[in-house]
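What follows is a short report on a single structure.
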Amino acid sequence: MSIMEEHDWSKEDDDALDDAQRRAEPNIPEAEGSDESPSTAFQGGQEEIESHLKDLQLENKEIEESVGHEETREIEENDEEKKRHLNVVFIGHVDAGKSTTGGQILLLSGQVDERTIQKYEKEAKDKNRESWYMAYIMDTNEEERIKGKTVEVGRAQFETENTRFTILDAPGHKSYVPNMISGASQAEVGVLVISARKGEFETGYEKGGQTREHVQLSKTLGVSKLVVVVNKMDDPTVHWSKERYDEIEAKMIPFLKSSGYNVKKDVHFLPISGLIGSNMATRVDKKICSWWDGPCLFEVLDVIEIPLRDPKGPVRMPIIDKYKDMGTILMGKIDSGTIHEGDSLWVMPNKVLVKVISIYCDENRARRAGPGENVRVKLSGVEEEDILSGFVLSSIVNPVNAVSEFNAQLQILELLENAIFTAGYKAILHIHSIVEECEIVELIEEIDVRKKKGADPKKSKSKRKPLFVKNGAVVVCRIQVSNLICIEKFSDFPQLGRFTLRTEGKTIAVGKVVALPISVS
């Protein structure tokens, strides 16, 4: 199969004010030919003038208010444009307190009022789940509330001084890992929630615990920065113990390094209590925790730096959902480029030409949206039933690649018992919003991860193709799917070039796309 390196990069109706001020100048009625006396007629005319003047004053006031509202809305939009937007995914083992922490953030940032909290407290108490009331803000469906587990990816917004955030609350239970992948694939920042409660950290961290799998998946799915919050520090088994906090940090650092995180640059640890809100919006009181001198959670999130994306690059928006509402509406996150009202784009891989009718960021209509924004885009030219999750809204000039096979570099994490990773191995491929069955058709080369950096590649012996590889191996292989999928090389568009392989509910490998077949268009 011939492979090539692709690196080609390309690329309002104003509301007018009503002319109410020019409307109906008052006419004084003539007294001639009428039964009324001139003075009565004059009085009537005067009353009419006064009435007209009042109407004009009211109209002028309405116009001024309308202009004022327009200006305020424009100022608000400009302010919002100044604020950057980040998606934050809450990850971690089941019961670590992800939804409770997310709920507390919404309360502290003024997104939820006290009456709503009281309603949730009562609801939780009625179900004998008193300590879960804060999680009810994030866990909105009945299944989640009965089980006390997040099933779907919950979404909510909040703001700090410099940043607008969308919280993605990912499920922690192993049965719902595919839902967690869907959340993490849209996020730039991960908040890894770890329970400090005796026994709970150990359960999440040990082999098979979701703490490990979530961290590995997050790195692979493009969560570039991680905030590790050691939660439940107020628990009776912990009592804000520095020893317990240090023990958890010491165990997590080597694992985070092995998962590919630069702990000094990309990871921040801090202690919190999600249930009572300690060290979240404001720094924890010294009377509660005398040893903590670091920032609170809001401070860390507000200054976190993430890699810049190209607003002038080709448009790439993986579609995560779609519905019909006076037209076809697509939901997704823009990973590259800027979408404007009126743009003509392609829905790939089917090359359907569409026109952008309107764009919504959160609930607000926008004329354009750039990289990192979660958007709903209304289109003409395509029917909702002709679109699937995993399709990509793309530039026409430089469209996304649509392929049925590709070369990838894989790291094998942990195969199922007695499984052999060889040509013919089948798994479920998760890449951006795509979920497809795939087959390994060829193992090309096993990479020696112990080989010293800087070694002369010319002196290395040519390797034979491996017949199979074991746990921990790094291998270049060819992967095939039965349908066309929209992907990119990791080096060109990391968000569309990293993936995981899962089998029987377990993540067995993480990888990146290294080469694509030559286009035959």
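What to note about this one:
- Between V435 and R115, the FRET efficiency estimated from the beta carbon spacing at R0 = 60 angstrom works out to 0.90.
- Label reach from S241 (point 7 Å along Cα→C-beta): in region 82-122, amide nitrogens under 20 Å belong to 96-97.
- Here the 3J(HN,Hα) profile of region 482-494, calculated from phi with Karplus coefficients 6.51, -1.76 and 1.60 at θ = phi - 60°, is 7, 10, 5, 10, 9, 9, 9, 5, 4, 5, 8, 9, x Hz, Gly and Pro shown as x.
- Amide H contacts under 5 Å for V469: F421, restricted to partners 5 or more places along the chain or on a different chain, H placed in the peptide plane at 1.01 Å from N.
- Amide H contacts under 5 Å for V228: L192, H268, F269, L270, restricted to partners 5 or more places along the chain or on a different chain, H placed in the peptide plane at 1.01 Å from N.
- Working from label points 7 Å from Cα in the Cα-to-Cβ sense, the I447 to D362 distance is 4.0 nm.
- Per-pair calculated FRET efficiency, R0 = 22 Å: S482 and E385 via Cβ, rounded to 0.05: 0.60
- Accessible area per residue for region 202-275 is 40 Å², calculated with a 1.4 Å probe on protein heavy atoms, without ligands, DNA or RNA.
- Accessible surface, region 402-515, averaged per residue in Å² (probe 1.4 Å): 54 Å²
- Highest mean first, the peptides 251-263, 86-98 sorted by other C-beta atoms within 10 Å per residue fall in the order 86-98, 251-263.
- Net charge of Cβ neighbours under 14 Å - reference D285; Lys, Arg +1; Asp, Glu -1: +1
- Efficiency of FRET between T282 and D302 - r from beta-carbon atoms, R0 22 angstrom, step 0.05: 0.95
- Separation in nanometres of the label points that stand 7 Å from Cα toward Cβ, at E202 and R464: 4.7 nm
- Where labels lie 7 Å past Cα in the beta-carbon direction, separation of S404 and K312 in nm: 3.9 nm
- Fully extending the segment from E159 to K426, taken as 0.36 nm per residue of separation minus the present Cα-Cα distance, adds 91.8 nm.
- Carbon plus sulfur fraction of accessible area for region 402-515, probe 1.4 Å, in percent: 49 percent
- Whole-Hz ³J(HN,Hα) from phi, Karplus 6.51 cos²θ - 1.76 cosθ + 1.60, for region 384-394, glycine and proline x: 4, 5, 8, 10, 10, 4, x, 5, 10, 7, 9
- Between K324 and H340, residue separation times 0.36 nm minus the direct Cα-Cα distance comes to 3.7 nm.
- Local electrostatic count at P295 - Lys and Arg +1, Asp and Glu -1, tallied over other residues with Cβ under 14 Å: -3
- Summed residue charge, Cβ within 15 Å of D325's Cβ, Lys/Arg positive, Asp/Glu negative: 0
- Per-residue ³J(HN,Hα) for region 424-441, Karplus 6.51 cos²θ - 1.76 cosθ + 1.60, θ = phi - 60°, Hz, x for Gly and Pro: x, 5, 10, 7, 9, 8, 10, 9, 6, 9, 8, 10, 9, 6, 9, 10, 7, 9
- By accessible area, using a 1.4 Å probe on protein heavy atoms only, region 316-394 has 48% of its surface on carbon and sulfur.
The values are calculated or read from the model by the stated rules, or taken from the named source; none is laboratory data. Values in this document were obtained by computation on a predicted structure and should not be read as measured data. Here Cβ is always computed from backbone atoms with ideal geometry, including for glycine, and neighbour counts include all displayed protein chains. Keep in mind that these areas ignore ligands, DNA and RNA; they rest on the heavy atoms of the full protein, side chains included. Shrake-Rupley method; radii C 1.70, N 1.55, O 1.52, S 1.80 Å.
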